[in-house]
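**Student:** The structure that follows is given in the form of structure tokens.
The values are calculated or read from the model by the stated rules, or taken from the named source; none is laboratory data. Note that the structure is a prediction, hence the values are computed from the model and not measured. Note that each Cβ is placed from the backbone with ideal geometry, even for glycine, and that neighbours are counted across all protein chains shown. Just so you know, the surface numbers come from the protein's heavy atoms only, side chains and all, with ligands and any DNA or RNA stripped out. Shrake-Rupley method; radii C 1.70, N 1.55, O 1.52, S 1.80 Å.
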Amino acid sequence: MSLFRKIFGSKSERLGEELKSNDRGKYMPEIKLPIDERFTINFKANGGKFLYCENLDEIFENLNYILEENKWEEKKVLLLDKNLEDKFKNSGLQITSKINNSTFFLTTCENLIADDGSLLISSKQIFEKKLPELPLNFIVFATTSQIVENIGEGLRGIKSKNREKIPTNITTIKHFKSSDDKDFLSYGSSAKNLYLLLLEDL
């Protein structure tokens with residue numbers, strides 16, 4: 001029997017080798033990707049266009065590429081955030097505060113949600129406007145420090161940052177494809193053609 005064991009090995013030894021050869025068993029917990037990678041993968045899967053930038057110069061450079069690609073150089077941009085307007089005042093944008101005159105909307109967001117690749121926004125960005133009222137085209141300026149695991153964490157962050165007055169009109173944008181691509185899961189949501197300018201700040 002020991003001869004056969006040497007040649008073929010015992011069942012328990014073979015099982016041990018199989019377990020060692022598999023890096024992970026089926027009952028092992030899944031390896032979680034880093035939060036920024038998860039956000040990027042899910043955001044792209046939702047149809048979003050993602051531009052990673054290491055500094056503000058790259059933000060302005062990529063913004064110009066977006067304008068050129070879409071032929072928006074002479075088109076008006078809806079900009080409701082005064083702080084953002086100051087940041088982009090030298091970028092040559094045709095700024096308006098009227099929705100009817102605008103081709104695209106330049107804004108920030110509250111958080112980037114890693115679990116589903118959505119963007120959490122509030123009245124700080126869109127005031128009391130509803131998503132369908134805003135232009136189809138969005139350019140969102142955000143930073144890597146705004147990436148959070150899930151919507152719950154994002155909501156807690158909003159509450160802790162705004163203890164005196166919590167913003168209203170909190171919603172998410174998750175679908176970044178045209179309405180032709182909608183399925184029953186996206187029913188009732190407002191799809192936007194969305195570019196994300198993501199600045200590294202960590």
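**Student:** In the stretch 123-160, which residue that is within 15 Å of the chain's Cα centre (by Cα) and among the hydroxyl-bearing types (Ser, Thr, Tyr) is most open to solvent (accessible area, probe 1.4 Å)?
**Tutor:** Among those that are within 15 Å of the chain's Cα centre (by Cα) and among the hydroxyl-bearing types (Ser, Thr, Tyr), it is 145.
**Student:** Also, I was wondering about something else. Filter the strands (runs of 3 or more DSSP E) completely within the stretch 67-110 down to those with at least 1 residues that are under 27 Å from residue 151 (Cα atoms), touching a residue at least 40 places away in the same chain (Cβ under 8 Å) and open to solvent by less than 90 Å² (accessible area, probe 1.4 Å).
**Tutor:** Numbers: elements: 76-78, 94-96, 104-107.
Here the list reads 76-78.
**Student:** Please verify whether residue 60 is hydrophobic (A, V, I, L, M, F, W, C) and in a helix (DSSP H, G or I), treating the condition exactly as stated. Write out each step before concluding.
**Tutor:** Working: hydrophobic (A, V, I, L, M, F, W, C): yes; in a helix (DSSP H, G or I): yes.
When the stated conditions are applied, residue 60 passes them.
**Student:** Determine if the stretch 188-199 includes at least one residue that is surrounded by 15 or more Cβ atoms within 10 Å (Cβ to Cβ), at pLDDT below 95, hydrophobic (A, V, I, L, M, F, W, C) and in contact with a helix residue (DSSP H, G or I) (Cβ under 8 Å, 6 or more places away or on another chain).
**Tutor:** yes
**Student:** Okay, moving on. For residue 23, only one of the following conditions fails: (1) at pLDDT 95 or above; (2) open to solvent by 80 Å² or more (accessible area, probe 1.4 Å). What is its number?
**Tutor:** So the condition that residue 23 fails would be (1).
**Student:** If you take the residues of the stretch 154-178 that are in contact (Cβ under 8 Å) with a residue 40 or more places away in the chain and assigned to a helix (DSSP H, G or I), which of them is farthest from residue 202 (Cα to Cα)?
**Tutor:** Taking the stretch 154-178 and keeping what is in contact (Cβ under 8 Å) with a residue 40 or more places away in the chain, we get 154, 157-158, 167-177.
Still in the running and assigned to a helix (DSSP H, G or I): 154, 157-158.
Values: 154: 18, 157: 17, 158: 19 Å.
Looking at residues that are in contact (Cβ under 8 Å) with a residue 40 or more places away in the chain and assigned to a helix (DSSP H, G or I), I get 158.
**Student:** Here's another thing I want to ask about it. Which numbered condition trips up residue 51, out of (1) assigned to a helix (DSSP H, G or I); (2) modelled with pLDDT of 95 or more?
**Tutor:** Failing condition for residue 51: (1).
**Student:** Just one of (1) within 23 Å of the chain's Cα centre (by Cα); (2) at pLDDT 95 or above trips up residue 71, so point out which.
**Tutor:** Of the numbered conditions (1) within 23 Å of the chain's Cα centre (by Cα); (2) at pLDDT 95 or above, the odd one out for residue 71 is (1).
**Student:** A further question follows. Go through the stretch 154-171 and count every residue that is touching a helix residue (DSSP H, G or I) at 6+ places or on another chain (Cβ under 7 Å) and polar (S, T, N, Q).
**Tutor:** Within the stretch 154-171, residues that are touching a helix residue (DSSP H, G or I) at 6+ places or on another chain (Cβ under 7 Å) and polar (S, T, N, Q) number 3.
**Student:** Let me ask you something else. I'd like to verify a number: residues in the stretch 43-57 that are of a type in the set (D, E, K, R) and over 14 Å from the mean Cα position of the chain (by Cα), how many?
**Tutor:** Residues that pass the stated criteria total 2.
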